[in-house]
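Below is one structure, written out as structure tokens, with a few remarks after it.
FYI, it's all coordinate maths here, none of it is from the lab. The structure displayed is predicted, hence computed values, not measured ones. Cβ atoms come from the backbone with ideal geometry, glycine included; neighbour counts cover every protein chain shown.
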Amino acid sequence: MQKRLSFIALLIVLTVPVLGEAASKSKSLPALPFEQYFAGKRGDRDVLKFNDFSGKIKAHRIKKLLRSGPILGDRVLLQNNTAVYFPEGYIVSATAQFEKWRPKRGIKVDHVASSHDIEINPDYGLVKSIDNQLGQVCAEIPSQTPETILQLRKRTDGLISLVKKTQGRFDHIIGQPSETIEVTSALSPSYLSSDHKIQAIASRCI
């Protein structure tokens, strides 16, 4: 398993252009949201920042490679279920999803049949720190369904985040309402969403 993950980490480096300014790009830039929490949970100091070179992502942190259009390997899912995107070799966005309930270890999402198959997600408590992690709301975005809430948040260090709140996917099994919260963070509106309307609103927040 370790050899396979090491190969994946090497593949990340080889499938993106190696630009010569990695150190200067990542200097004094903010860490990905919630990275300090997960580093403490792991018991290490491995904290990824925006504009870090993708080669800095250690093999043991990679859960799987994700596909961005036709390209495989310019996006990875970390073990803490944060998707990190680096189209030109440097991290430009991070997307994390928080659900109150999660499948128990060894049970796939599509195999969840009853409340016995799921458990409380201990990381869901992070949603209480959204104001601190992501800053204050700078814009509300109209959605097409009443069950979906879209917000843009901005921090003083320039980080902007798109927060999407939807109905919990296991609510029908548990029999009580909950929220699934998806957070995409970036330093540029163009990496928050492919929706030009959202990009325009985010640009006005800066």
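A few remarks follow.
- Additional length obtainable on full extension of the chain from R169 to N80, 0.36 nm per residue less Cα span: 30.1 nm
- The gain in end-to-end length when the A31 to K128 segment is fully stretched comes to 33.0 nm, 0.36 nm per residue minus the alpha carbon separation.
- Those trypsin sites (Lys or Arg not before Pro) in the range 87-126 that DSSP places in a loop and that have at most 12 other beta carbons within 10 Å: K104, R105, K108
- Of the residues L152, G40, P103, the one whose Cα sits farthest toward the positive end of the charge dipole of the chain, with +1 on the Cβ of Lys and Arg and -1 on the Cβ of Asp and Glu, is G40.
- Relative contact order of the chain, taken over Cα pairs closer than 8 Å and 6 or more residues apart, is 16 percent.
- Of K58/K165; K128/K197; K64/K164; K128/K154; K63/K108; K108/K197, those spanning more than 26 Å from alpha-carbon to alpha-carbon: K58/K165; K128/K197; K108/K197
- Estimated [θ] at 222 nm from DSSP helical runs (n ≥ 4, -39500 (n - 2.57)) normalised by residues in the chain, nearest 500: -5500 deg cm²/dmol
- K49 paired with A139, simple spin-label distance in nm, labels 7 Å along Cα-to-beta-carbon: 2.8
- Nearest-0.05 FRET efficiency for H116 and K41, computed from C-beta distance (R0 30 Å): 0.70
- Gain on full extension, evaluated as 0.36 nm per residue between K63 and E179 minus their Cα-Cα distance, stands at 39.3 nm.
- If only the Cβ of Lys and Arg carry +1 and only the Cβ of Asp and Glu carry -1, the dipole of the chain around its Cα centre is close to 540 debye.
- Among the listed values (i) 0.99; (ii) 1.05; (iii) 1.10, the one computed from these coordinates for Cα Rg over 2.2 N^0.38 Å is (ii).
- Positive end of the dipole of the chain (Cβ unit charges, origin at the Cα centre): among F86, I181, L126, the Cα lying farthest that way belongs to F86.
- Across the chain, the longest piece that holds none of the GluC sites (Glu not before Pro) lying in DSSP loops with up to 14 other C-beta atoms within 10 Å covers 22-87.
- Working from label points 7 Å from Cα in the Cα-to-Cβ sense, the Q199 to E88 distance is 1.4 nm.
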